[in-house]
Amino acid sequence: MSTNPPKDAAIAATQQSRTKQNNDVPPFKAILILLFVFALCMLALYFRQFNGPLGNQGDFGTFGDFFGGVLNPILGFATVGLLIWSLKVQIHELNATREEIARTAEETSLSRMSMQAQVDHLRQEANLNEIRNVITTQLDIIKNLSATEIFSIYNTRVTFDNVLNCDSSAMSYISQIKIKLNSTELNPVNMIARAIEIQLLQLASMSIAYSINSNSSISSSSYLAITYTWLSRYDIFNPSERIKRALERVLEKINPDELS
């Protein structure tokens, strides 16, 4: 199960900010207690001033005027203070909410970027798998074509692979094979040669595409080396401009250190 440390840190920071805010603002109960103590002090002052527990009716009227005149401004000031305190709390809450929304938006953006990177990676892997499948198929076709018999005389049977490998059985009849290769009439030699050439050119294109899209230098170098070997062998037997250009393109993609 994966965790999200940035998100947890953001939540902890928000809670810490709110706790600090609550500690900085005087509690509402403390204000009420302060007003209650002040009222008791006023009563004690009254009884001390008039030297008696109660006093007459006129004294009560005087006390009421005194108590109201003193307490009303204090209550008004307390009301204004509580209003300012309430506004301050709301401002702090709004700021904390705004910061949390901004952090959430940033995390959402990072998450979207991460998901997009995963999608791009999956697409790249799918593309590389498709190229690998094509390369494998082409190599199989080339091997099957090379194993096909193209020339026979007496008890000697020559395949295209014998020619590309410069086997003695093929080299003994190479002039006759060359004549068949350059003949305008279709025969097994020129037909197989053309088919192999087409597959080799396609193999070169796929190997180069794999080296461009792959992050693995080992795999791409392996495909490029195999392609270069096949192209070189074919170029010795049947050189052409298309094969030479393919050889140059493949050679450009091969790491020079791997050739030393």
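The values are calculated or read from the model by the stated rules, or taken from the named source; none is laboratory data. Please read all numbers here as calculations on a predicted model, not as lab measurements. Note that we place each Cβ from the backbone using ideal geometry, even for glycine, and neighbour counts take in every protein chain shown.
Condition test on residue 174, is it crowded, with 19+ Cβ neighbours inside 10 Å, of a type in the set (A, V, I, L, M, F, W, C) and within 22 Å of residue 240 (Cα to Cα)?
no
Quick one: residue 154 ticks every box in (1) on the phi > 0 side of the Ramachandran plot; (2) of a type outside the set (Gly, Ala, Ser); (3) surrounded by 12 or more Cβ atoms within 10 Å (Cβ to Cβ) bar one, so which box is it?
If we test residue 154 against (1) on the phi > 0 side of the Ramachandran plot; (2) of a type outside the set (Gly, Ala, Ser); (3) surrounded by 12 or more Cβ atoms within 10 Å (Cβ to Cβ), just (3) comes out false.
Kindly list, by first and then second residue, each pair from a residue in segment 75-88 that is charged (D, E, K, R) to a residue that is surrounded by 10 or more Cβ atoms within 10 Å (Cβ to Cβ), limited to pairs with Cβ atoms under 9 Å and residues at least 6 apart or on different chains.
Matching pairs, first to second residue: 88/21; 88/25.
Only one of these conditions is not met by residue 124: (1) surrounded by 13 or more Cβ atoms within 10 Å (Cβ to Cβ); (2) in contact with an Asp or Glu (Cβ under 7 Å, 6 or more places away or on another chain). Which number is it?
(2)
Residues are listed down the side, and each one gets a yes or a no for (1) of a type outside the set (Asp, Glu); (2) in contact with a Gly (Cβ under 6 Å, 6 or more places away or on another chain); (3) outside any loop (DSSP other than H, G, I, E, B):
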site	(1), (2), (3)
124	yes, no, yes
135	yes, no, yes
158	yes, no, yes
161	no, no, yes
166	yes, no, no
169	yes, no, yes
191	yes, no, yes
197	no, no, yes
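Being in the same structural domain as residue 198 (by TED's automatic domain parsing), out of contact with any strand residue (DSSP E or B) (no Cβ under 6 Å at 6 or more places or on another chain) and modelled with pLDDT of 85 or more: is that true of residue 140 here?
The answer is no for residue 140.
Could you go through segment 179-188 and let me know if any residue there is on the phi > 0 side of the Ramachandran plot, out of contact with any strand residue (DSSP E or B) (no Cβ under 7 Å at 6 or more places or on another chain) and either in the same structural domain as residue 235 (by TED's automatic domain parsing) or modelled with pLDDT of 90 or more (or both).
no
Filter segment 168-182 down to residues that are touching a helix residue (DSSP H, G or I) at 6+ places or on another chain (Cβ under 8 Å) and without any contact (Cβ under 8 Å) to a residue 24 or more places away in the chain, then give me how many there are.
4
What number of residues in segment 99-147 are aliphatic (A, V, I, L, M) and either under 24 Å from the mean Cα position of the chain (by Cα) or more than 30 Å from residue 223 (Cβ to Cβ) (or both)?
So the count comes out to 12.
Within segment 160-169, can you find the residues that are surrounded by 20 or more Cβ atoms within 10 Å (Cβ to Cβ) and out of contact with any Phe, Trp or Tyr (no Cβ under 8 Å at 6 or more places or on another chain)?
160, 162
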